[in-house]
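Accompanying notes for the structure given below.
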Amino acid sequence: TEMALRAERDYTANVFETLPLLACGVDSDGMIVFVNPAVVRMLRWTASDLVGRSWWLTMHDRADERQALKDRFAHADQLREVRDHESTLRDADGHEHVVSWTCVPSRDGGRHRSEMLCFGADVTVERQRARDRKVFDDQLQRDQQLETVGTLALGIAHDINNILTPVAVYADLLKDSV
């Protein structure tokens, strides 16, 4: 059974090491206890730079995001997971990455949470595409509104021209007859 336990532990470690998602463990005091290579690759920090640091300050650069997740974590003992929470991470070069997190409590054998296992997906490109799409849609809507106003103005000018043409013809006739 010890051999089976070792094989299971090695298998689990291999999963975490090769997982393309960000994965980290956070203890009950909010300190990072482990990170996988995906976290190291994204943030360009070493694992030893991250382990032992506050998860709140490291993984949640913005105070509003940090407080929102702290509020959700406060109820994590009653919840099965904290899902779809986005935060902005800043890597060692200062670049921002938007990460969508799912965190699940790890129990200490009893009812109390000993740590949270957090898994994150980099959604930076998707969020940028969504912002770009919104800008494009807003511009398209403004262009369509301008086109509508232009069509309306053209119609009004045509109607005015229809009214003024007979007036101009009669004025020419009156001038010729005088």
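Listed values, structure above:
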{"quantity": "Hull volume in cubic angstrom per residue (convex hull over the Cα atoms of the chain)", "calculated": "203 Å³"}
{"quantity": "The chain: most fluctuating residue of ALA13, ALA153, ALA68 per GNM, C-alpha cutoff 10 Å", "calculated": "ALA153"}
{"quantity": "Virtual paramagnetic centre 7 Å along Cα→Cβ of GLU86, amide N under 17 Å, in region 114-128", "calculated": "120-128"}
{"quantity": "Surface share of carbon and sulfur [accessible, 1.4 angstrom probe, percent] for the chain", "calculated": "57 percent"}
{"quantity": "Hull shadow area, averaged, region 13-58 [alpha-carbon convex hull, nm²]", "calculated": "3.1 nm²"}
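The values are calculated or read from the model by the stated rules, or taken from the named source; none is laboratory data. What you see is a predicted model, and the numbers here were worked out from it, not measured in a lab. Cβ sites come from the backbone with ideal geometry, for glycine too, and all protein chains shown count toward neighbours. Calculation scope for accessible area: heavy atoms of the full protein, side chains included, ligands and nucleic acids excluded. Shrake-Rupley method; radii C 1.70, N 1.55, O 1.52, S 1.80 Å.
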